[in-house]
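Participant: After the structure tokens below, expect a handful of questions from me.
Each reported figure results from applying straightforward, stated rules to the coordinates on display, with no laboratory input. Keep in mind that what you see is a predicted model, and the values were worked out from it rather than measured. When we count neighbours, we look across all protein chains shown, and the Cβ atoms used for this are built from the backbone with ideal geometry, even at glycine.
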Amino acid sequence: MEIDNTWTLFLDRDGVINTELRNDYVKKYDDFHFEEGALEAIQKLSSLFGLLIIITNQRGVGAGLMSVEDLNHIHEQMTLEITNAGGRIDEIYFAPEEDRESANRKPHPTMAYKAKEDFPQIDFSKTVMVGNSSSDMEFGRRIGAHTIYIDEKQKYNGVKTDLMDEIYDSLNDFAKRIC
């Protein structure tokens, strides 16, 4: 891949940018902790990609465990820390539905289409999707993106599936590789 500022980076949030809470949700900013090296990685990736967009399922909202206002506060604080570290996030799209089959949630490409509507310069063939779940990888495949799997829990031990173009232990490892 010859990545330049005409490319778009879609990032999942939990397990990629911040530590994913197993069997729980990040419901307030005190629960949010950046993955090791994530701020540095986003700073590096910001200088390479034209757009950095977070695409995240946030089922905790639909389940009534947190409000949209709570989620927005988490995202505002996260974005502020990213900006202060020299990075940027151009937009955040989230699916709050509890129903795992909702067409708004990944792996369905609805959030990608909304992003393209808001940023017409997005070319899905010049897009990278970074995530830590099969639904992230399927989402990427459905829009024709290059897929990067973050295997932070060592589930695959470096062995790719058909949905993964590349596999790394962290967002920082990916950033080091392409920057």
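Participant: Which links in LYS126/LYS160; LYS27/LYS126; LYS114/LYS155; LYS155/LYS176 stretch past 29 Å when you go from one Cα to the other?
Facilitator: In this structure, LYS27/LYS126; LYS114/LYS155 lie more than 29 Å apart at Cα.
Participant: SER47 label point, 7 Å along Cα→Cβ, cut-off 17 Å on backbone N: hits in segment 82-103?
Facilitator: 82-89
Participant: Can you show me the helix-derived [θ] at 222 nm for the chain, built from DSSP H runs with n ≥ 4 at -39,500 (n - 2.57) apiece and divided by the number of residues, rounded to the nearest 500. Can you show the working numbers first?
Facilitator: Values: 6 runs with 59 residues, N = 179.
Calculated mean residue ellipticity at 222 nm is -9500 deg cm²/dmol.
Participant: Would you mind calculating the gained length between ASN72 and GLU36 on full extension (0.36 nm times residue separation, minus the Cα-Cα distance), in nm to one decimal?
Facilitator: 10.7 nm
Participant: Excluding SER46 itself, calculate the net charge of residues whose Cβ lies under 14 Å from the Cβ of SER46, where each Lys or Arg counts +1 and each Asp or Glu counts -1.
Facilitator: -3
Participant: How big is D, in µm² s⁻¹, for segment 102-158 by Stokes-Einstein at 37 °C and 0.692 mPa s if Rh is the Kirkwood radius over C-alpha pairs?
Facilitator: 277
Participant: At a threshold of 8 angstrom on Cα-Cα distance, excluding pairs fewer than six apart, so keeping six or more, what relative contact order does segment 90-179 reach in percent?
Facilitator: 20
Participant: Kirkwood hydrodynamic radius for segment 8-178: how many Å is it when counted over pairs of different Cα atoms? Before the final figure, lay out the partial values.
Facilitator: Working: mean 1/r = 0.0628 Å⁻¹.
Computed over segment 8-178, the radius equals 15.9 Å.
Participant: When you take every Cα atom in segment 1-68, what is the radius of gyration, and what is Dmax, the widest Cα pair distance, in Å?
Facilitator: 14.1, 43
Participant: Run the numbers on segment 8-178 and let me know its relative contact order in percent, using alpha-carbon pairs under 8 Å that are six or more apart. Write down the numbers at each step before the final one.
Facilitator: Values: 310 pairs, mean separation 42.4, N = 171.
In percent, rounded to a whole number, it is 25.
Participant: Which whole-number percent is the relative contact order of segment 1-84 (Cα, under 8 Å, 6+ apart)?
Facilitator: Computed value for segment 1-84: 40 percent relative contact order.
Participant: Once the piece of chain linking LYS155 and GLU2 is laid out straight, how much longer is it, given 0.36 nm per residue of separation minus the C-alpha distance between them?
Facilitator: Once the chain is fully extended between LYS155 and GLU2, it gains 52.2 nm.
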